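Worksheet for the structure shown next.
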Amino acid sequence: MAEDLLRYDILVQDALRGAVKKILAEVGRTGLPGEHHFYIAFDTNAPGVRVSSRLKERYPNEMTIVLQHQFWDLAIGEHAFEVGLSFGGIPEKLLIPFSAIKGFFDPSVQFALEFEPGKTAEPLPDDLMEAVGELASIEAATKLETKSEDKPAKTKREAASKSQPADEDKGEPDKPGDGGGAVVSLDAFRKKT
């Protein structure tokens, strides 16, 4: 058998990632239509993935997110997407390169795609990798600043939780708070035309 010099496997993976990108871009513009919702599995160790250290500890290799009722700030870039989600009542911002996606599933129509993470013709651009590094530094500095402020805030939270049930107990959806992290717009990494 002849060697595949054109690398059809990589071309197909990139085309399917392009489909996911278009789907997410449409949802970012118009919202989820009908009963559509997505399960997106990704490699948490892939280059460019940006999740909090709390989530990284909990999901050291792979994580699956659900885009259905409670997500916000969905932003689609050339090489990655960013989304806000709540985990256990704590709002988080995730940055996920398309090359890190392992699976995409829309159970409403039984549509599924499976990927080999990292198998892509295009490496992540240097400026995206630099921005991820800068965000890690900002997060580390923010953690140091907030550690000293945590005790009074915890006491207030504990007092509030004794007087009334938490949002989760009320059945209200989690909402993003002023949780202090840094957000970088993906517009800086888009190709300029």
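Here, each number is a calculation from the coordinates, and none is a lab measurement. If you're wondering where the values come from, they're calculated on a predicted model, not measured in any experiment. Don't worry about glycine lacking a Cβ; one is built from the backbone with ideal geometry, like all the others, and counts go over all protein chains shown.
Overview of values
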read-out	value
Fully extended contour minus Cα-Cα distance, from LEU5 to LYS22, at 0.36 nm per residue	3.3 nm
Phi to ³J(HN,Hα) by Karplus 6.51 cos²θ - 1.76 cosθ + 1.60 over the range 95-105, Hz, x for Gly, Pro	10, 10, x, 4, 5, 8, 5, 9, x, 9, 9
HIS69, HIS36, HIS79 arranged by Cβ crowding within 10 Å, fewest neighbours leading	HIS69, HIS36, HIS79
Cα coordinate range in the range 1-101, projected on the principal axes (Å, largest first)	54, 34, 22
Debye intensity ratio I(q)/I(0), log10, the range 32-80, q values 0.15, 0.17, 0.19 Å⁻¹ (C-alpha model)	-0.49, -0.63, -0.77
Per-residue Cβ neighbour rank within 10 angstrom, fewest leading, GLU3, GLU82, GLU116	GLU3, GLU116, GLU82
Net length gained if the chain between VAL12 and HIS69 were fully extended (0.36 nm per residue, minus Cα distance)	17.4 nm
Using θ = phi - 60° and Karplus 6.51 cos²θ - 1.76 cosθ + 1.60, couplings along the range 14-21 (whole Hz; Gly, Pro as x)	5, 5, 5, 5, x, 5, 4, 4
Summed residue charge, Cβ within 15 Å of GLY34's Cβ, Lys/Arg positive, Asp/Glu negative	-3
